[in-house]
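Here is the structure we will look at.
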Amino acid sequence: MKVFMKKFGIILLLFSFFRGQMVQSVPYDHTASIEASVYGLFLQICLSNPMIPLYSGGVIKNSEFNVGLTDWTVPLGVQATVNRSSSGNKFAEARTDGQPSRTVYQTVQMQPNTHYSLSAWLQVSAGTANVMAVVRTPDGQFVAAGATVAKSGCWSMIKGGMTSYSSGQGQLYFEADAAVAIWVDSVSLQPFTFDEWDAHRQQQSAGRARRSTLGVVVARGTDGAPVPNATVTAELLRPGFPFGNAMTREILDNPAYEQWFTSRFTVATFENEMKWYATEGRQGHEDYRVPDAMLALAERHGVRVRGHNVFWDDQSTQMAWVRSLGPDELRAAMDKRLRSVVSRYGGGKVIGWDVVNENLHWSFYEGKLGPDASPAIYHQVGKIDGETPLFMNEFNTVEQPVDMSAMASKYVAKMNQIRSFPGNGGLKLAVGLESHFGATPNIPFMRATLDTLAQLKLPIWLTEIDVANGTNQAQHLEEVLREGYGHPNVDGMVMWAAWHATGCYVMCLTDDEFKNLAVGDVVDKLIAEWRTHPVAAATTDADGVVELDLAHGEYNVTVTHPSLVSSAVRTLTVDASSSSSENAIDIRV
């Protein structure tokens, strides 16, 4: 018997007008689970039975193995059966001679230009193992569609996806990196056309997450009497969704760079200038003049800055003098660095800290100071600057299913290690996903991973977005940015496309004259789209009340009425906390 999970409109049809046509689709299901990865007070919380399959299995037949292995194929070298738990739940168990272990597979008819959302529930016979979902596509490629840490005694949800660009038969199976029996259940593979996928993020996700409906009350200041038939308009001054880019020191003496950057972005991350090696290259010789000047420039233009970073766990980024320190000397040097940078830029000067950068892939500080080095650093930063979100910034979590170091389940486990460290319960933690994509991003996997990490109930930012050079780089960048903006749990995005006279890290938005390249045109198009909302205009009712449906941001709200000598203008901020009853405009005549 499966654990019951409420679904939103699984049997309903979504009708969305998109690109001049009516799109009919099953609503996308953002359901995900991290129960098998959650640690509270060092007690593992897990599910003894899997949940029901999403989309009733989609195109997968016999997804719950209730009729044995019907519709599933047992490959050569695999021994498979269907078992039943003490509660009566049926699941497939597969063992392989040797390693890696594989499961049974199902053959499905795949469609061209179609995104596939994948999910399943997994367990292994002993210990833990990294388990990957693999799809053999109609053209013979083997595509990783997702991965998770499967455990003995707990069911873990794997959620991912892939894109099919051709039609024909494909095969889905699961593969472990250890010689264990793999248990699999509640398998789902749901197809969505590209138009359906776009409609989901336009209507289901961004349409709700990025807007609020609020009531505006218009009354006379002298007697408080309502003003009926007043015209109320709202003009967007500043978008509420943070969108930014990396910035370099070259902006300080380049007016063209300054104008180009500050006319577009509301957030900046200094590419290198705030890092330890940039501010204390020689031990005891701190120099913050460059980041100070960059911060002052950003503040002049209303651009908010992310603090990047306090420490970087990569061995190769440590100065020689840091690598040579013993544990006690290293602790003292780190304490000095931490207090210096966090005190200098904390207290509201930055909007977030990347505290221990990339601490899933690297472990310089853990290797020197022990496995709790990262949680202890978060604790120290939180004591100095407790109001600024503290990010765990990592690459390949949202980009790459085959990187076992950074998969979502390991990200969750590391974040919970930080949370469970003594004194860290009240920290304002946040999820930072670098988002360095290859030439062809896996968009369904990206959405699925965001669904999974959203279960942490923490703010999520895409912090270093770029797309590797390729034939369709601009198109793929647009897909990534639309997917991030369209996901209801993404709170901000920053690109990693800082300009250098000597060339960019991976992706340049402009040439050296600050004229847009193709990817720059995409960015400008999306900025204009996200900032361009119809100017709301409505008329107050007999009680002087009007409801406005507005994208989040800062507005000038103007009220006109024949009885007024001049229009009344007020500034209003609309965000996720806004409601129809909490904003009022007083008109004094």
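A few comments on the model shown:
- Any chance LEU526 is out of contact with any Phe, Trp or Tyr (no Cβ under 7 Å at 6 or more places or on another chain), not aromatic (Phe, Trp, Tyr) and not assigned by the TED database to the domain that holds THR571: yes
Condition check ((1) among the small types (Gly, Ala, Ser); (2) over 19 Å from PHE391 (Cα atoms); (3) surrounded by fewer than 19 Cβ atoms within 10 Å (Cβ to Cβ)) across all residues:
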site: GLU464; (1), (2), (3): no, no, no
site: ASN469; (1), (2), (3): no, yes, yes
site: LEU477; (1), (2), (3): no, yes, no
site: VAL494; (1), (2), (3): no, no, no
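- Some residue of segment 518-525 being among the hydrophobic types (A, V, I, L, M, F, W, C) and either surrounded by fewer than 19 Cβ atoms within 10 Å (Cβ to Cβ) or at positive phi (or both): yes
- Residue list for segment 528-561, restricted to those being over 31 Å from the mean Cα position of the chain (by Cα) and either within 21 Å of ASP575 (Cβ to Cβ) or in a helix (DSSP H, G or I) (or both): ALA538, VAL545, VAL546, GLU547, VAL557, THR558
Condition check ((1) in the same structural domain as PRO75 (by the TED database); (2) within 27 Å of the chain's Cα centre (by Cα); (3) open to solvent by 10 Å² or more (accessible area, probe 1.4 Å); (4) among the small types (Gly, Ala, Ser)) across all residues:
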| residue | (1), (2), (3), (4) |
| --- | --- |
| ALA94 | yes, no, no, yes |
| GLN99 | yes, no, yes, no |
| THR107 | yes, no, yes, no |
| ASN113 | yes, yes, yes, no |
| TRP121 | yes, yes, no, no |
| PRO138 | yes, no, yes, no |
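- Looking only at segment 378-396, and only at residues there that are assigned to a helix (DSSP H, G or I) and in contact with a Leu (Cβ under 7 Å, 6 or more places away or on another chain), the one that is most open to solvent (accessible area, probe 1.4 Å): GLN380
- Residue check: ALA150 meets all listed conditions (1) touching a strand residue (DSSP E or B) at 6+ places or on another chain (Cβ under 8 Å); (2) small (Gly, Ala, Ser); (3) open to solvent by 40 Å² or more (accessible area, probe 1.4 Å) but one, namely (3).
- Evaluated against (1) open to solvent by less than 60 Å² (accessible area, probe 1.4 Å); (2) of a type in the set (S, T, N, Q); (3) assigned to a loop (DSSP other than H, G, I, E, B); (4) modelled with pLDDT of 90 or more, THR502 falls short on exactly one condition, (1).
- Selection status of ILE182, under 30 Å from the mean Cα position of the chain (by Cα) and under 29 Å from VAL26 (Cα atoms): no
- Exactly one residue out of GLY140, GLY160 is out of contact with any Ser or Thr (no Cβ under 7 Å at 6 or more places or on another chain) and assigned to a loop (DSSP other than H, G, I, E, B), and it is GLY140.
- Lone unmet requirement of (1) in contact with a strand residue (DSSP E or B) (Cβ under 8 Å, 6 or more places away or on another chain); (2) not in a loop (DSSP other than H, G, I, E, B) for LYS525: (1)
- Being of a type in the set (Lys, Arg), assigned by the TED database to the domain that holds SER340 and open to solvent by less than 50 Å² (accessible area, probe 1.4 Å) holds for only one residue in ARG306, ARG282, and it is ARG306.
- So THR510, is it in contact with a helix residue (DSSP H, G or I) (Cβ under 7 Å, 6 or more places away or on another chain), on the phi < 0 side of the Ramachandran plot and either exposed (fewer than 13 other Cβ atoms within 10 Å of the Cβ) or not assigned by the TED database to the domain that holds TYR485 (or both): yes
- Of the helices (runs of 4 or more DSSP H) lying entirely inside segment 206-300, the ones with 1 or more residues being farther than 19 Å from TRP312 by Cα, at pLDDT below 95 and of a type outside the set (Asp, Glu) are found at 206-209.
- Lone qualifier among GLY352, GLY426 - being open to solvent by 60 Å² or more (accessible area, probe 1.4 Å), in contact (Cβ under 8 Å) with a residue 40 or more places away in the chain and in the same structural domain as ASN442 (by the TED database): GLY426
- Flag for GLU329 being farther than 18 Å from ARG306 by Cα, part of a helix (DSSP H, G or I) and not assigned by the TED database to the domain that holds ALA176: yes
- Near pairs, Cβ below 8 angstrom, 6+ apart or cross-chain, from segment 466-477 (free of Cβ contacts under 8 Å to residues at least 60 places away in the same chain and outside any strand (DSSP E or B)) to any residue that is open to solvent by 80 Å² or more (accessible area, probe 1.4 Å) and not β-branched (Val, Ile, Thr): ALA474/ASP521
- Of all the numbered requirements in (1) surrounded by 15 or more Cβ atoms within 10 Å (Cβ to Cβ); (2) at pLDDT below 95, SER188 misses one, and that requirement is (2).
The values are calculated or read from the model by the stated rules, or taken from the named source; none is laboratory data. These numbers come from a predicted model, not from an experiment. All Cβ positions, even for glycine, are placed from backbone atoms using ideal geometry, and neighbour counts span all protein chains on display. For accessibility, only protein heavy atoms count, side chains too; no ligands or nucleic acids. Shrake-Rupley method; radii C 1.70, N 1.55, O 1.52, S 1.80 Å.
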